[in-house]
Amino acid sequence: MSVLDKVNSPEDVKLLQEKETASLCEELREFLIKSVSKTGGHLAANLGVVELTIAIHKVFDTARDKLVFDVGHQSYVHKLLTGRKEQFCTLRQFGGLSGFPKPSESVHDAFIAGHASTSVSAALGIARARTLSKSDYSVIALIGDGALTGGLAYEGLSDAGGSGEPMIIILNDNGMSITKNVGGVARYLSRQRMKPSYSEFKRRYKKIMDILPGGGAVYRFTHHVKQSLKDAILKCSMFEDMGLQYSGPINGHDVSRVVEALEWARRQNSPTVVHVLTQKGKGYEHSELEPAQYHGVKPFDHRVGVIGENGKTFSSVFGESLLELASCEPRICAITASMTEGTGLSAFSTYYPDRFFDVGIAEEHATVMAAGMASRGAIPVFAVYSSFLQRSYDMLIHDIAISHEHVILAVDRAGLVPGDGETHQGVFDVAFLRSVPGMTVLCPSSYNELSDMLLYAVEKVNGPVAVRFPRGTEGAYKAGGAELVKCVRAGKDFTLVTHGISINTALEAADNLSHEGIFVEIIKLGAINPIDMSSIAASVAQTGRLLVLEECVGKGSVGEAVVTMLAQEGLCPKTVVLLNTGEGFAPCGEVDQLRKLCGIDTQSVCAVIREKLRAENDTWMIQNEPVSEAYEPAPAQIELGDDSHLSMVSVPYVKDIAFEDRKENDEQNSA
């Protein structure tokens with residue numbers, strides 16, 4: 001029997017001898033490579049933390065002690081060691097294991113994680129709650145050097161250093177975030193990596209003094225001159241200057257050394273940083289050579305490695321289009337928050353390095369910097385994932401909108417995304433972008449429209465503008481242009497308003513219904529802020545029925561705005577249906593599965609329209625096409641007027657473990 005087969009809980013890890021621990025490391029890497037090659041996921045980061053995670057579980061009891069991950073890309077080994085090995089084949093699958101820590105999944109997951117730089121703040125909050133409740137457990141934050149490019153990490157470190165709260169911050173330093181780290185912090189940590197001599201000297205010196213007669217007194221004396229010695233060797237100590245004790249850097253692939261450092265940190269009973277050096281992608285030749293390529297992977301053949309994709313995506317088309325525009329307009333600059341490759345800007349960074357700025361994982365800074373550039377005549381284009389742009393809401397209002405700066409936001413991964421789950425769904429930007437005064441929001445539905453609307457954003461828009469587009473490839477709709485509103489199909493029975501990639505679902509539904517004698521008129525919005533209501537109003541006046549289909553949350557949706565504006569114009573259709581992702585959080589799964597869950601897939605659209613027409617007792621010859629049992633139209637009815645109603649189709653709220661349950665567990669553990 002392999003060692004991994006015998007490990008079903010952290011208690012089993014603690015019982016392993018040194019030789020068995022070494023075997024477990026090898027088996028875990030082999031398991032990860034084979035498993036993630038089938039499901040897809042974050043591979044390189046997890047290969048790099050095998051020994052570190054084992055050491056954490058040798059020292060701490062994560063059912064009692066609170067381990068807070070940063071981002072959570074590196075939580076797979078933790079999941080395997082905490083009883084989730086048999087479920088690992090469901091990783092990132094619909095209804096399966098999350099690719100990130102999730103308290104509702106296991107008592108060993110202390111706090112949700114999915115975005116960078118949050119762990120220290122969350123861990124400090126947990127530590128303070130522990131102190132207030134007079135509980136007794138350790139609190140550990142595991143943060144990568146990439147996350148230290150985010151400002152929130154320093155807010156947490158600063159407060160933690162001044163708090164005196166006992167907590168341990170493990171800095172997992174592999175020189176990478178997704179791509180190679182940038183900025184002054186990366187250079188500082190690079191100097192620390194190059195000079196591990198001090199920490200090694202201190203360890204050996206203390207061990208010798210503990211053995212020698214009178215060595216304790218000598219050690220206490222020399223301890224007083226430690227700071228001058230450290231300054232001479234390391235030049236500076238950022239963490240200790242912030243009030244944190246510091247140990248390292250140490251080899252993060254030496255389990256016994258990491259265990260020793262963590263046990264030392266726990267004895268300090270104060271905020272302490274343990275700096276470990278790891279290799280991202282360790283143990284798999286392909287990922288060691290190309291760690292960025294193996295950060296997040298789709299299923300692949302682990303025997304030959306990941307084969308690069310050459311097909312077009314919205315991200316790649318954005319990058320190509322921006323590069324072409326930049327060749328004609330020297331004021332165009334590109335900004336990314338550590339997502340050069342993911343946002344399609346690799347070629348731009350090569351051709352125009354002086355006009356390309358990777359600011360690290362610092363979306364707020366990127367937004368304000370873009371405002372500053374625009375204020376002096378540059379045309380900054382900030383390419384950012386929808387879920388990460390959420391951090392910049394205050395900056396959008398305070399630094400861009402008030403001054404009406406011409407900043408272009410290329411909002412990638414807008415809408416539902418596969419695999420990553422609740423923390424990465426780009427379904428909130430419609431609501432918050434539309435709330436920003438003066439913000440133009442464009443929604444291309446095809447590659448051609450993306451290119452044309454990017455040109456429109458650069459040349460025609462005065463003030464801030466967002467161009468939002470989904471992850472992946474375009475659908476059957478391939479038309480171009482930058483029209484702010486367009487009737488793409490005439491019909492007399494139902495008005496269907498949509499935007500972005502959802503046009504493909506709308507067209508497919510209209511095709512299916514046309515065979516049943518139901519003719520849907522489709523209005524496609526190229527701009528969702530401001531909204532041109534003329535075509536919508538004319539169509540609704542003719543059909544008397546409205547359905548708004550969109551891949552975003554219900555509150556603050558385009559559908560709500562359209563209904564309000566129709567009412568203001570005195571139009572009260574007899575049937576109004578808003579189809580969106582509702583008020584919950586969409587879990588991990590493929591996009592088609594999530595659309596079906598949310599009731600915004602083709603079959604659901606057709607079923608809702610049929611249901612509404614039947615309810616009116618109109619004389620349509622409707623074929624009795626079977627409806628999937630998985631589709632359940634929401635029963636809630638919201639009155640709009642004497643003879644109209646609004647049907648809301650929404651996702652059930654995906655709840656975490658209740659606070660009371662977590663509190664009860666903490667109290668039991670303390671007892």
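The values are calculated or read from the model by the stated rules, or taken from the named source; none is laboratory data. Given the structure is predicted, the values throughout are model-derived calculations rather than measurements. Methodologically, a virtual Cβ is constructed for each residue, glycine included, from the backbone with ideal geometry; neighbour enumeration extends over all protein chains shown. Note: accessible area is taken over every heavy atom of the protein model, side chains too, but ligands, DNA and RNA are not part of it. Shrake-Rupley method; radii C 1.70, N 1.55, O 1.52, S 1.80 Å.
Worth pointing out:
- Loop-resident GluC sites (Glu not before Pro) (DSSP state other than H, G, I, E or B) in segment 276-331 with no more than 16 further Cβ atoms inside 10 Å of their Cβ: Glu309.
- With a 1.4 Å probe rolled over the protein heavy atoms of all chains, the accessible area of Lys312, Lys612 falls in the order Lys312, Lys612, largest first.
- When all protein chains stay in place and ligands, DNA and RNA are ignored, the 1.4 Å accessible-area order of His295, His365, largest first, is His365, His295.
- Computed over neighbours whose Cβ is under 11 Å from that of Thr602, the net charge equals -2, Lys and Arg +1, Asp and Glu -1.
- Between Trp264 and Glu20, the modelled labels are 2.8 nm apart [label points 7 Å from Cα along Cα→Cβ].
- Ordered by solvent-accessible area of protein heavy atoms (1.4 Å probe), largest first, the residues Arg257, Arg64, Arg331 come out as Arg331, Arg64, Arg257.
- Percent of beta bridges antiparallel (DSSP, segment 474-569, rounded to nearest 5): 30
- Here the dipole of segment 388-547 is about 200 debye; that uses its Cα centre as origin and unit charges on the Cβ of Lys and Arg (positive) and Asp and Glu (negative).
- Solvent-accessible surface (1.4 Å probe) assigned to Leu289 amounts to roughly 130 Å².
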